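Read through the structure below, which is laid out as structure tokens, and then see the notes.
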Amino acid sequence: MDTQIKSEPTTNQIIDRVVTLQGQVTTLQGQMTTLQGQVGTFGERLHDVEIDVAVIKSNYSTREDVANLGIKMQESIGALDVRTMTFFRAQDDKIAQLDVRMAQMEARLIRWFVGTSITLSAVVATIAFSAAKFIH
């Protein structure tokens, strides 16, 4: 049988191997620090997302909320219709009163114009007769 001779590594080879392993360990430690920083950043971002989701959940509306809102809006519109009709009826009454007052004012003005016309006609007739009397 062939016996293989195992050569024992030399001290320099062991030292080189240890130095290489230490470099790899240092590299791994740096990568681990980077990963820990990224995990911390992801944790912060996850926390922000959780807060955003909580805010969204607290502010969203359900179908029931929308249905209740529709009912309230219909009730409000109905009440507004009643108030609007009441307002317009009151305005109709005021317009009717204004029409009556305008008709009364029109009648007074017509009487005043007729009275003034008759008075002026009498004054002109008196002046004309007086002038005619003095001329003859």
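Rounded to the nearest 10 degrees, the inclination of helix 63-135 to the longest alpha-carbon principal axis of the chain is 30 degrees. Subtracting the Cα-Cα distance of Q104 and T84 from 0.36 nm times their residue separation leaves 4.2 nm of extension gain. Relative to the current alpha-carbon distance between N12 and K133, full extension at 0.36 nm per residue lengthens the span by 27.3 nm. Helix 11-59 and the longest principal axis of the C-alpha atoms of the chain enclose an angle of approximately 20°.
No lab work stands behind these numbers, since they all come straight from the coordinates. Because the structure is predicted, anything quoted here is derived from the model rather than measured.
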